[in-house]
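Some notes on the structure that comes next.
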Amino acid sequence: MSVDLDLIHRYRRSTLTRDELVKVELELQRSPAWRSALNDTVDAHRLGATWAAVEGSLDAPTPSRLERAATRLGAPQHLTRIMGATPNLRRAWMVSAVVLLLFGLAVSNGERETATIALFLSIAPLVPVFGVGLVYGPGADPAHEMATVTPMGGLRLVVLRTLMALLTSLVVVGIAAVLVEERSILIAAWLLPAVALSAATLAVSSFVPIRNAAAGVAAGWLTLVVIWARIADDGVAAFRLPGQLVAAVALAVSVAVIAARRDAFSRAVSTT
Amino acid sequence: MRTEADDRALLARVSRGDRAAFDELYRAHAGWLTARLERRCGDPDLVDLAVQDTFVAVWKSAKKFRSQGDVGAWLWGIAIRRLIDQMRKRRPTPVEANVLFDQVASAEDELFVGGLHGELGESLRSLDPDLARVLVATAVDGLTTREAGQLLGIPQGTVKTRLLRARREARDELARLEGDSR
């Protein structure tokens, strides 16, 4: 049946009788011609605005699964976006962390128990250090320049990302810790050093590029562990109570340095 | 003029990520969807949001369209539900603002214009506006009783009761007509 334009126009102006309205509704439900006639009555400007909104949401980045999970847990969206804006090396870092730990476990298998646990404890705190040093910084983050000049840049960003790296590391290392055969309180002894070393890396990175900071802290850490073990003739000497105290002091000093040099972060991270 | 086959071809291109086809689909359908949604919701901003959501959903799920169906009816099914979602989120319109049937003056109610089709037209003619609204939401818009309740701002139970009443009145009317003809 041909389109009754008068009905269409009165449909738009809401001046149909009920019967007419029902008729138009039924035609709209099945007739392309009626739809087309009605389509032409709607303001193009208004439809253009809606179209712009449609295009806008199509082009908006879809949040990653990690981001959505964090948002659901109550984290503010601008934070999840920044933490989730994953530098391309993060996956590589996760894989190398796992490989590193498995390697450590494999070599020490069959050795004396102390050797196993000493190797594990020495490597474990370095995982977040590598995470911080390798993953966040120029060359790893494609949006690095932009990140340093945004209001969220500088210290806040670096600390947020460090916490992110630390948290993921703790999960990986925690799983590995369960795999180590040794059942001893020592198995948790890497936690404080891990946090302290991450903080130290950040602190040092206010003076030198973050990669160098990470490498330096890692080298210093391994040297300390080996020398302490030699002197005390105990493979896990650095992880006993005095060692933990040293780690706590190092953590406090690092935090103090970070706080004192907080202005350096908007510059230091951006220099290569 | 455009045919249903055109629309299906267009939608097939959209499902392959063709932005030009999507633009064309929008221009062919956004207008009437907007106008028709306005007969169900008095707030133009909500209507525009619903149309926006509809096309975002279409872009993402064009593949789900059955290749033999009516594209327009499919779009309408999405649009009316997006409108319900928007209204649930912001519930700004009291029941009275539902435009469908509200503008009908009672004197005009008695007018018979003719050209109504089928059982729906028959039963709607003599029904009071509340029953007619429920019938349109379920029979024309194809909503479930739950969705119809959300659209009209009434509980699902009320929708069911009104549907039963509408059906009973239609049956009584039919019986009366049959009795007259004997």
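The values are calculated or read from the model by the stated rules, or taken from the named source; none is laboratory data. Please read these numbers as outputs of a predicted model, since none were measured by experiment. So basically every Cβ, Gly included, is an ideal-geometry build from the backbone, and we count neighbours across all protein chains shown. These area figures cover heavy atoms from the full protein model, side chains too; ligands, DNA and RNA do not enter into them. Shrake-Rupley method; radii C 1.70, N 1.55, O 1.52, S 1.80 Å.
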### Task
Return the total of residues in segment A:38-56 being part of a helix (DSSP H, G or I) and facing chain B (nearest Cβ under 8 Å).
9
## Note on the structure
Taking segment B:56-72 and keeping residues open to solvent by less than 30 Å² (accessible area, probe 1.4 Å) and at pLDDT 90 or above leaves B:Val56, B:Ala57, B:Val58, B:Val71, B:Gly72
### Task
Would you mind finding the one in A:Val204, A:Val225 that is under 22 Å from A:Asp263 (Cα atoms) and either modelled with pLDDT of 80 or more or assigned by TED's automatic domain parsing to the domain that holds A:Pro242 (or both)?
A:Val204
### Query
Can you find a residue in segment A:62-82 that is within 14 Å of chain B (Cβ to nearest Cβ), farther than 21 Å from B:Asp43 by Cα and either at pLDDT below 90 or touching a Ser or Thr at 6+ places or on another chain (Cβ under 7 Å) (or both)?
yes
### Task
Six or more apart or on different chains, Cβ under 9 Å: which pairs go from a residue in segment B:29-42 that's at the interface with chain A (Cβ under 8 Å from one of its Cβ atoms) to one that's buried (at least 24 other Cβ atoms within 10 Å of the Cβ) and in a loop (DSSP other than H, G, I, E, B)? Could you list them?
B:Arg39/B:Leu100
### Message
Being at the interface with chain B (Cβ under 9 Å from one of its Cβ atoms) and in contact (Cβ under 8 Å) with a residue 24 or more places away in the chain is the filter here; which residues of segment A:9-23 pass it?
### Response
A:Tyr11, A:Arg12
### Task
Working only within segment A:10-29, note down all residues that are of a type outside the set (Ser, Thr, Tyr), open to solvent by 40 Å² or more (accessible area, probe 1.4 Å) and farther than 22 Å from B:Ala57 by Cα.
A:Arg10, A:Arg12, A:Arg13
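Being under 17 Å from B:His29 (Cβ atoms), modelled with pLDDT of 90 or more, open to solvent by less than 20 Å² (accessible area, probe 1.4 Å) and not assigned by TED's automatic domain parsing to the domain that holds A:Ala165: is that true of A:Trp34 here?
Taking the combined requirement at face value, the residue satisfies it.
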### Summary
Of the candidates A:Ala247, A:Ala214, A:Ala219, the one satisfying the condition of being part of a helix (DSSP H, G or I) and open to solvent by 20 Å² or more (accessible area, probe 1.4 Å) is A:Ala219
### Query
If you check A:Leu26 against the conditions, is it facing chain B (nearest Cβ under 8 Å) and part of a helix (DSSP H, G or I)?
yes
### Query
Yes or no: B:Gly77 surrounded by fewer than 17 Cβ atoms within 10 Å (Cβ to Cβ), over 23 Å from A:Asp43 (Cα atoms) and more than 10 Å from every other protein chain (Cβ to nearest Cβ)?
no
### Message
among the acidic types (Asp, Glu), open to solvent by 40 Å² or more (accessible area, probe 1.4 Å) and more than 8 Å from chain B (Cβ to nearest Cβ): is that true of A:Asp4 in this structure?
### Response
yes
#### Entry: Residue tally, condition open to solvent by less than 20 Å² (accessible area, probe 1.4 Å), more than 15 Å from the chain's Cα centre (by Cα) and closer than 15 Å to A:Ala52 by Cβ, over segment B:31-55
1
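Working only within segment B:1-24, note down all residues that are within 11 Å of chain A (Cβ to nearest Cβ) and buried (at least 18 other Cβ atoms within 10 Å of the Cβ).
Kept after step one, since they are within 11 Å of chain A (Cβ to nearest Cβ), are these residues of segment B:1-24: B:1-7, B:17, B:19, B:22-23.
Result: B:Asp7, B:Phe22.
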